[in-house]
Structures are given as C-alpha cells and as structure tokens.
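All remarks here apply to the structure that follows.
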Amino acid sequence: MATRTPAAVDQKVIAVVAQWLDEAEEAGTKLSGAEVSRRLGVAPRTGQRRIDKATDFRAEQQRQQGRSHLRSVSNPS
C-alpha cells in the first residue's frame, strides 16, 4: 500500500475545495469557511484556510490555461 505525504493529501483536498467553489459560483452562492469545515470535519478557521488555498489554486489553474497556447522556444547555439 502506497503512503501519501501530507502535501499530496493537502493538494487533493484543495482540488476538491476548488471544485466546491466552482459549483457554488455556478449556483450563484458563496462557499463559507464554516461550510467547508463541516464538509471536511475540520475547524472553521481551517475551512477558511482551505478556501484561501483553493482560491489561489484556481487562479494558478487559470493562469496556466491562459498560457496553454504558448510554446517553448529555445535559443539554438
């Protein structure tokens, strides 16, 4: 059985919270730290931290998608 590092588990949780943020946005509602804490079974402040990280994650995903049309150019020597 493979062991998961806390960082890998945290990234998966952040991705799930980001999905919840997307769903809430589509429904025209706002996802609260309290709701995230309830769903994850963590403290309300931790739920808010997860939202903060998920918001950063979504922004990075959007930046990456915005650059997907760019290609790498190397300098021939």
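Of the residues making up the range 24-60, those that are charged (D, E, K, R) and under 13 Å from the mean Cα position of the chain (by Cα) number 7.
For the condition touching a Leu at 6+ places or on another chain (Cβ under 9 Å), small (G, A, S) and free of Cβ contacts under 8 Å to residues at least 60 places away in the same chain, what is the one hit in G33, G41, G47? The match here is G47. Among the residues of the range 21-45, those identified as among the hydroxyl-bearing types (S, T, Y) and surrounded by 14 or more Cβ atoms within 10 Å (Cβ to Cβ) are S32, S37. Selection of the range 6-18 for residues being modelled with pLDDT under 90 and open to solvent by 80 Å² or more (accessible area, probe 1.4 Å) yields only P6. Residues that are in a helix (DSSP H, G or I) and within 21 Å of A7 (Cα to Cα) within the range 23-50 comprise G33, V36, S37, R39, L40, P44, R45, T46, G47, Q48, R49, R50, listed in sequence order.
The values are calculated or read from the model by the stated rules, or taken from the named source; none is laboratory data. All values reported here derive from a predicted model rather than from experimental measurement. Quick reminder, even Gly has a Cβ in these numbers, built from the backbone with ideal geometry, and neighbours come from all protein chains shown. Just so you know, the surface numbers come from the protein's heavy atoms only, side chains and all, with ligands and any DNA or RNA stripped out. Shrake-Rupley method; radii C 1.70, N 1.55, O 1.52, S 1.80 Å.
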